[in-house]
There are 2 protein chains.
Amino acid sequence: MQDTLCIVFLLLAVGVESKGDAEDTQPLCNTGSGRSSSDFSVGHLLVIPADGSHWLGLKAIAQELGRRGHRVTAVIPEISMTMGPGEHYDTLIYPVSFGREAIDEMMAGITETLRSASQSLFERVNGRILHLQKRFDAVLTDPLVPTGSLIARKLGLPTVNLLRGIPCGMDWTATACPSPPSYVPRLLTGFTDRMTFKQRVINTLVRALEPTLCRLLYWRFEDITRRFLGEDVGLAEVLSQADIWLQRIDFALEFPRPLMPNVVLVGGINCEVTNPLPEELEPWVSAEHGFIVFTLGSMVSNLPEEITAVFVEAFRTIPQKVIWRYTGPVPDNLPENVKVMKWVPQNDLLAHPGARAFITHSGSHGIYEGLCHAVPMVMVPLGGDQPDNAMRMETRGAGVVLDITRVTVDDLLHALDEVVNNTRYKESLKMLSAIHKDRPMEPLALSVYWTEYVMRHKGAPHLRPAAHNLNWFQYHSLDVIALLVTVVMLVVMVTFKCIALCLRRVTRKKKRD
Amino acid sequence: MQDTLCIVFLLLAVGVESKGDAEDTQPLCNTGSGRSSSDFSVGHLLVIPADGSHWLGLKAIAQELGRRGHRVTAVIPEISMTMGPGEHYDTLIYPVSFGREAIDEMMAGITETLRSASQSLFERVNGRILHLQKRFDAVLTDPLVPTGSLIARKLGLPTVNLLRGIPCGMDWTATACPSPPSYVPRLLTGFTDRMTFKQRVINTLVRALEPTLCRLLYWRFEDITRRFLGEDVGLAEVLSQADIWLQRIDFALEFPRPLMPNVVLVGGINCEVTNPLPEELEPWVSAEHGFIVFTLGSMVSNLPEEITAVFVEAFRTIPQKVIWRYTGPVPDNLPENVKVMKWVPQNDLLAHPGARAFITHSGSHGIYEGLCHAVPMVMVPLGGDQPDNAMRMETRGAGVVLDITRVTVDDLLHALDEVVNNTRYKESLKMLSAIHKDRPMEPLALSVYWTEYVMRHKGAPHLRPAAHNLNWFQYHSLDVIALLVTVVMLVVMVTFKCIALCLRRVTRKKKRD
C-alpha cells in the first residue's frame, strides 16, 4: 500500500503542475546552457524522485554529488510528505492545485486521481524537451514510479536507478537477471531461500503470475509510455535501458541470489548519514534505562484507538523512555516516559548508544538503520515488503514479530522484555551489523561513484547483457532444445524403422527358407 | 595446454616432496602456535599456488597481505617456472627429486607423472593435519589445480580462490551461477555474446558436454578427492565450499553475464604492480620510434625455425626497437634493433610511454596488461583461452589477430603497421582502458580486502546461495513443473471426459426422444 501511495503522490505532485502556470513563471532549469560532453569533472544530474521513504536515499546521493561540485537539480512538488530542498542541490518546486489536507481525501480515489494526473504529466514534458536535452548528463530516479525512466528515454539521457525493488519483479526482468524460483523467494510470499516442495510450487506459481501482476500494477503506465514516447515500446523495455541499478539490499539480510553486472548493492545507504540530535531530545536519550524508538514509517499517521491504547498501557509499565513518531491525536492519558513527536530523526536516534529497542513496521529503511546500529527490534509489519523484511530479521535472531491487529499489552511487554533484556538479540545484531558494515566501500560512496561513472562515460553500455536482444523463447534456448529433441526423435525413429525392416526381411527370408 | 602444464608442475612440485625427507628437516610452518580466533587485526594465510602465469596474481596478494602485517606462508617447490620467495611472505620450499631439465622430458608423460605425483601428495598432508589446523585462518589458491581446495576442506579452513576460469566451466557450476547458453558463450568456442542460431546450437551442445569434459579433465582428482578426504564427496562439491571467488575478468573485455554474490571481479590485478625498468633496457625503451614488446608467455620457450625467421625478417625492416622474450636458440642474423632476453618485465615495459605495440600469444595476463596500459596488440593465440581473448580484443578494435602457423613477413609487417600507425587502435584502447580502470577499488586492493574479510569472519557463509542444497532437478524446478503439468493434464482430461459423457447422454436422450 505504501508503494501505491508513492505512485499517487509522485504523479499528483509532478502531474498537477500542468494545472498551474509553472512553465511560464519557473523555468525547468534556472541556470547555464549546454555543456561540453568532454567536461567530466563536473556533471549535471537531473533527479526525478519518489515520495515517502523513497526520497531518503535519493536525497543523500543528491546532497553528496552537490557537495562534490556537481550541479544537481531535483524536480519536487510544492506539497509532499518528505521531499524538500537541501544545501547542495537545486530544487525546482512546482505549484500544485491542492492543499495538504486534500492528499488524505484523494486516498479514496486513487485510480481516478492517477488517471487524470498521468494524462497531463508527460504532455507538459514534451514541450520542453529541447531545452532539457543539452543540460543534463544523467537522470537519477526510483523506477518504482517510472516517470523518471520515461523522461530519461525521451531526453536520450543515461539513467541511474535507486530502488528497493518493484513488487512484481519487473526490476529483475528489466535487468535480465536470472531468479530461479527454486531458491529465490518471491516478494510478499514470506518464504526463505530454503523452501519445502509445497512452497516451491507456490513460489513458481507466483513467478508465473508476475507478468500479470506487472500488467495490473502498471497498465496505465504502459499506455502512457506508448503515447508519451510516441513509439511502440513496453515499460519493461524502457526500464531495461537503465545503465546502473543501485539496489537497496544487502546479503547480511537478503538471501544470496544471482546478480547482473550493472546491479550494485547499496543496502544501508542512509546508515552513515547521521546528524546531531536536537537539544530537546537530550533528556530523553540520556535516561538511565535507555530509550525505545517507536515509528511506523512515513505513511502511517493514525492508529485505531484500541491499538494506541495497547501501546500506551505497555509503555506505562516499562523503565525505558519511549520516543514515538505519531501524527494522530495524542491520547490523554499519556505516561510521563513517552514523548510523541510528529517527526523523529530516526536514524540519529538509533545511532545513539542509549537506544535499547526499535518498534518498527519493518520498512526497508528502518530495518537497515536498525541493522546498521545493531538495535534489537519489535516488528509490526503492515504490508508490502514489510512481512518479508520482518521474517528475514526474525530468522536471523534480530528481533520479534507481532501482529499489530491482535497485539495485547502482555504480548508487547513480553516482546520488549525479550529484545531489551535477552542479550542474544543484541549479540545476533552485532554480528549481522559487522557483516553488513564490512564492505569495500560505503553504500553512499558507492552510489555516488556509479552515478558519477554514468555521467563520465555517458552510460554503461558495456555492462548491458546481450540477453536483451533475445525473446524469452530464445533466451531459454527453447528453439535449440526443440531442434535437438526433433533430431534425437528422428534418429530414434529411423533406427527403429531400419531395425523393423531388417527384422521383417529376416523373418520373410526364414519363412521362405 | 598451458593449463595442463600448470597442473603437472604443481603436482610435481608439491607431490614429489614425499620422495624427500622434507617433513623431518623442514617443518611445514616455521613459527608460532595456535592463534586466538578473535584476533582479527593479524591473520595467517596459507597460499597453495599454481605455477606459470597463475602465480602472478597470487604473489601480488601474498605480498600485499604480508606488507599489511599478516603472516603469509606460500608452499612452493624447489624447482618451478615462476614461483619463488618474496619480501613480505614466507616460503616453504620443498626439495624435488628431479632437475630443471627433467621438467621438459616429463611433458611427454603427463598422465603417468600426474598419477604418481598425486598419489603420494595427499597422504603426506594427512599426517600433518593436526599441526596445520590451528595455524591458519584461510587458504588462498587457484582452483584450476584443486590441491589447495582439498587441503582447505581437510583442514576445515575457509578458502579464497583466485582464478581466470576452469576450462570445463566447473567454476560456474561450483558457484551455482546461471550461465544461459543463449548469450553466455562457452570457453574455447570463439563465440561472442550475440550468436546465430547455429552458434547457439553448438554453444548449447558444448554446455551439455561440459560435465563430461570436467570428468575427463579431473577424473584423477575425483578419485584422489574421495581417498584424501575419506568421504564420498565430488570435486565440484568441494569447490562449491569456497567462500570468495576472485575472478580475473573484467567487463571492459568480457561479455556481461550473471554473477553470484561471492564472485568478485579482479581482472587486471597485476596492472598497477609496476617496478622501475632495469638500466640495461634504458636505451631500448627511449628510442626515437619507440619499441615493440614481443612475448609468447611463460610456457613457450622455443619456436620452429621457420616461424622465428619470419619474425626476424619483419623486425629487420621496421624503425621500432623490439624487446623479445625468447629462451630458445638466438638466430645468428639477429638485426640490431632486436634485443632477445630470457625474461622481460612485461608489465613494466607495457607501462612505458615508448611502447608502440605488443606482440602477444593473448594469454589473459598479457591481454589485461596491454589493456591497462592501452598498448595496441598483434595477437598470435596458441591455444587454451587465448583465441577467445584475442577475438574479444579484436572485436573491440584493440588489435589484429594472426595465425602463427601460417604467418608471413608481409602479414606481420602489415599488422604492425596497422596497430602502430593507424590511430584507431590506440583510440579504441584508450577508451577501453579508461572503462577498465574506472572502478570503485583497484583489483589488487579488492582482492586483499576480500581475503582479509574471509580471515576476519572465518568465511562468508551468508554469501552461499541455497541453490547448493538442491539437486539439478529441483534447481530447475522440474519436479514442480512435472506436478503442474500433471495437474493441468488431469483437469483437461476430466473436463473432456465430462463433456464427452454429457454429450453421450444428450445424444442418447435425443435418440430415445
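Of all residues in the range A:197-222, those that are under 15 Å from B:Leu478 (Cβ atoms) and facing another protein chain (nearest Cβ under 9 Å) have Cβ atoms under 7 Å from Cβ atoms of residues that are open to solvent by 50 Å² or more (accessible area, probe 1.4 Å) and not acidic (Asp, Glu), 6 or more apart or on another chain, in A:Val201/B:Leu483. Can you name the number of the only condition in (1) surrounded by fewer than 19 Cβ atoms within 10 Å (Cβ to Cβ); (2) free of Cβ contacts under 8 Å to residues at least 24 places away in the same chain that A:Pro381 fails? Here A:Pro381 meets the rest and fails (1). Kindly evaluate A:Leu265 against the criterion of being under 18 Å from A:Gly366 (Cβ atoms) and within 14 Å of chain B (Cβ to nearest Cβ). Taking the combined requirement at face value, the residue does not satisfy it. The criterion of being over 30 Å from B:Ile202 (Cβ atoms) and more than 47 Å from the chain's Cα centre (by Cα) holds for A:Val506. Checking each residue in the range A:464-498 for being open to solvent by 80 Å² or more (accessible area, probe 1.4 Å), aromatic (Phe, Trp, Tyr) and within 14 Å of A:Ala176 (Cα to Cα) picks out A:Trp472, A:Phe473.
Check A:Pro461 against each of (1) open to solvent by 80 Å² or more (accessible area, probe 1.4 Å); (2) more than 10 Å from chain B (Cβ to nearest Cβ) and name the one condition it does not meet. Only one criterion is unmet by A:Pro461, namely (2).
Identification of helices (runs of 4 or more DSSP H) wholly contained in the range A:420-493 with 1 or more residues that are at pLDDT below 95 and closer than 30 Å to B:Val206 by Cα yields A:472-475. Can you tell me how many residues in the range A:269-307 are open to solvent by less than 10 Å² (accessible area, probe 1.4 Å) and not hydrophobic (A, V, I, L, M, F, W, C)? Here the count works out to 2.
Mind telling me which of the residues B:His414, B:His476, B:His468 ends up being free of Cβ contacts under 8 Å to residues at least 12 places away in the same chain and within 14 Å of chain A (Cβ to nearest Cβ)? Can you show your working first?
Details: B:His414 fails: within 14 Å of chain A (Cβ to nearest Cβ); B:His468 fails: free of Cβ contacts under 8 Å to residues at least 12 places away in the same chain.
Testing whether each residue is free of Cβ contacts under 8 Å to residues at least 12 places away in the same chain and within 14 Å of chain A (Cβ to nearest Cβ) leaves just B:His476.
Restricting attention to the range A:419-458, the residues that are touching an Asp or Glu at 6+ places or on another chain (Cβ under 9 Å), small (Gly, Ala, Ser) and more than 10 Å from chain B (Cβ to nearest Cβ) total 1.
Summed over the range A:411-454, the residues that are of a type in the set (A, V, I, L, M, F, W, C), touching a helix residue (DSSP H, G or I) at 6+ places or on another chain (Cβ under 8 Å) and either closer than 21 Å to A:Ala355 by Cα or crowded, with 20+ Cβ neighbours inside 10 Å (or both) give a count of 10.
Check A:Leu303, A:Leu334 and return the single one that is without any contact (Cβ under 8 Å) to a residue 24 or more places away in the chain, part of a loop (DSSP other than H, G, I, E, B) and of a type in the set (A, V, I, L, M).
None of the others qualify; the one that does is A:Leu334.
Considering (1) over 24 Å from the mean Cα position of the chain (by Cα); (2) surrounded by 16 or more Cβ atoms within 10 Å (Cβ to Cβ), the lone condition that B:Pro329 does not fulfil carries the number (2).
What tally of residues in the range B:335-366 results from selecting those that are over 30 Å from the mean Cα position of the chain (by Cα) and open to solvent by 50 Å² or more (accessible area, probe 1.4 Å)?
Within the range B:335-366, the first condition is being over 30 Å from the mean Cα position of the chain (by Cα), and the residues that meet it are B:335-339.
From what's left, open to solvent by 50 Å² or more (accessible area, probe 1.4 Å): B:336.
Count: 1.
Among the residues making up the range A:162-217, a single one is part of a helix (DSSP H, G or I), under 18 Å from the mean Cα position of the chain (by Cα) and of a type in the set (S, T, N, Q): A:Thr173. Scanning the range A:337-375 for residues that are touching a residue at least 60 places away in the same chain (Cβ under 8 Å) and within 19 Å of A:Leu413 (Cβ to Cβ) yields A:Ala355, A:Arg356, A:Ala357, A:Phe358, A:Ile359, A:Thr360, A:Val375. The condition of being part of a loop (DSSP other than H, G, I, E, B), open to solvent by less than 50 Å² (accessible area, probe 1.4 Å) and under 27 Å from B:Arg71 (Cα atoms) does not hold for B:Gly397.
The values are calculated or read from the model by the stated rules, or taken from the named source; none is laboratory data. Keep in mind the model is a prediction, meaning the values are calculated, not measured. Counting neighbours? That spans all protein chains shown, and the Cβs are built from the backbone with ideal geometry, glycine included. Note: accessible area is taken over every heavy atom of the protein model, side chains too, but ligands, DNA and RNA are not part of it. Shrake-Rupley method; radii C 1.70, N 1.55, O 1.52, S 1.80 Å.
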